[in-house]
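Note sheet for the following structure.
The values are calculated or read from the model by the stated rules, or taken from the named source; none is laboratory data. Treat the numbers as computed from the prediction; the structure is a model and nothing was measured. Every residue, glycine as well, gets a Cβ built from its backbone with ideal geometry; the counts of neighbours run over all protein chains shown.
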Amino acid sequence: MIHFVPRFFIVLTWVLIGPAMPRPEIIAFVAAAFVLAMVLKRSFRYRTIAFLGILAIMVFQGLQPVLRSLSFAELGPHLFHDDVWGFLRTLVMLDVGLTIIGALGAVCAAVYIGFGRSRMSVARMFPELRFLDAPKEIQKAVCNLADSARVQAPDVCLIDSGTPAAFTLRAKRKYTLAISIGLLESLDAKEVEACLAHEIAHLKNNDFTWRFLATIAKVALFAKPLSYLLEPAVYRAREFLADRTAAILIGGPNALISALSKLGESQSYGTAAYSDAVCMCQLSTSNGFFKILGKHPDISARIRALQEMRTS
Amino acid sequence: MNLRLLRPRRRDLQFALGDLEALALRQLWNAAEPLSVREFQARISKTRPVAVTTVATILDRLHRKGVVSRELVKRGGPHYLYSAKVTEAEFKEAVVNNVMGTLLHSFNDVTVAYLADKMAGPRPSDRRVLGRYLKKLRSGAGA
């Protein structure tokens, strides 16, 4: 066994570390291509790619000596004998290497989320959707809720879609709350207000920061299995908290409970799942054990939590 | 129309649509005027109790499949009025066209041979349909 395991790790190490050490001429070529793209096309997407690419190359370049000093190749030979200490040392080295790669990835992800994605417009993030101006009543309701939550009121827009959906995201460095026509036509005014309150609660609870930190942590610790449980757990906890805050904002959980139960009924027929947005509810196909990997909690669990709030 | 034929064991509309989608499309064909989601749910719930959110989702799916058309009404809160885009005959023709077209494209000679074979000794019900078709052809030719 011990003969097989180290060999496996050597291969794995090379797969992971190898690409991190590009040759100088390749770096120069890629950098030139990015700069050219930046000069020729002044559109935002190219600038972002160029910025991220150059940053990544700089970081990789700077870390090359570190990666070399790990010298995995030299560790190779003794692994094929029953050298337990060498084996353990390789494991530690591998861990160090993976953490460095994870940290680089986290930097890139942070830059992308902070400078790239959040500056896109909503229409660009969802090219398949059509966005309209929200009706006056909805805008007013959002302003009132934002006032009572003491947060800056987000932009409000209407999604031209019949499927009930509501989400908030950061676009053009502002928060945008989007609500679909399907949600407006299938819920009554109180329930719509509850959905809006849930989204405002996400803003009040700084859930974008929490999501950002959770994502960065996941990328940085990508080699640790625990990180894949941590991120969804954070998301789910924030979702429950947003429900609670929303119930307080609108003075009681009843409207939110009825909105959630209605949305839950149509869930099996497909709820719009918009990635990278804080949604009202998402299609959850997982059950049993795999629930711990889901980013959105069960609707029934959310309703139960709100009902407990009502009785306590 | 953007139909995916995924349910070969089901009959009638359910061959190309989900159960609720088929029910919804039938309702739209029976309705005289365009329906809102709420009106729709009131009608459909007589035969099958479903939430308004479900109806909204189902109609949105039919819209994405290109079977129904909708109009956005701003008055009284933004909502859609749904109406059927195709008639029942057009829908069924599109489904058959889709299946047979695929077969003729992929297995041309086998499909043609199969059809010729079927037509040589049709069942009584098939014979009646063919008779009606021939009659239609003749009257068309006579006019």
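Observations
- A single member of A:167, A:208, A:222, A:212 is at pLDDT below 90 and within 23 Å of residue B:53 (Cα to Cα), and it is A:167.
- Test: residue in the range B:36-45 that is under 26 Å from residue A:264 (Cα atoms), within 12 Å of chain A (Cβ to nearest Cβ) and of a type in the set (Ser, Thr, Tyr): yes
- Across the range B:68-80, the number of residues qualifying as in contact with a helix residue (DSSP H, G or I) (Cβ under 9 Å, 6 or more places away or on another chain) and either away from chain A (no Cβ under 14 Å) or not hydroxyl-bearing (Ser, Thr, Tyr) (or both) comes to 6.
- Any hit, the range A:177-193, residues being outside any helix (DSSP H, G or I), closer than 20 Å to residue B:57 by Cβ, more than 12 Å from chain B (Cβ to nearest Cβ) and touching a strand residue (DSSP E or B) at 6+ places or on another chain (Cβ under 8 Å): yes
- Among residues of the range B:48-67, those that are within 18 Å of residue A:130 (Cα to Cα) and within 10 Å of another protein chain (Cβ to nearest Cβ), counted: 8
- Options A:239, A:199: the member that is modelled with pLDDT under 90, away from every other protein chain (no Cβ under 14 Å), touching a Pro at 6+ places or on another chain (Cβ under 9 Å) and buried (at least 22 other Cβ atoms within 10 Å of the Cβ): A:239
- Counting the residues of the range A:127-173 that are within 14 Å of chain B (Cβ to nearest Cβ) and outside any loop (DSSP other than H, G, I, E, B) gives 14.
- Scanning the range A:142-153 finds no residues that are in contact (Cβ under 8 Å) with a residue 12 or more places away in the chain, more than 20 Å from residue A:201 (Cα to Cα) and touching a Phe, Trp or Tyr at 6+ places or on another chain (Cβ under 8 Å).
- Put simply, of B:95, B:50, B:112, B:55 the only residue that is in contact (Cβ under 8 Å) with a residue 40 or more places away in the chain and either at positive phi or out of contact with any strand residue (DSSP E or B) (no Cβ under 9 Å at 6 or more places or on another chain) (or both) is B:95.
- Scanning the range A:211-261 for residues that are among the charged types (D, E, K, R) and in contact (Cβ under 8 Å) with a residue 12 or more places away in the chain returns A:211, A:218, A:231, A:236, A:238, A:239, A:243, A:244.
- Helices (runs of 4 or more DSSP H) fully within the range B:1-118 that include at least 3 residues being surrounded by fewer than 18 Cβ atoms within 10 Å (Cβ to Cβ): B:19-30, B:37-44, B:88-106.
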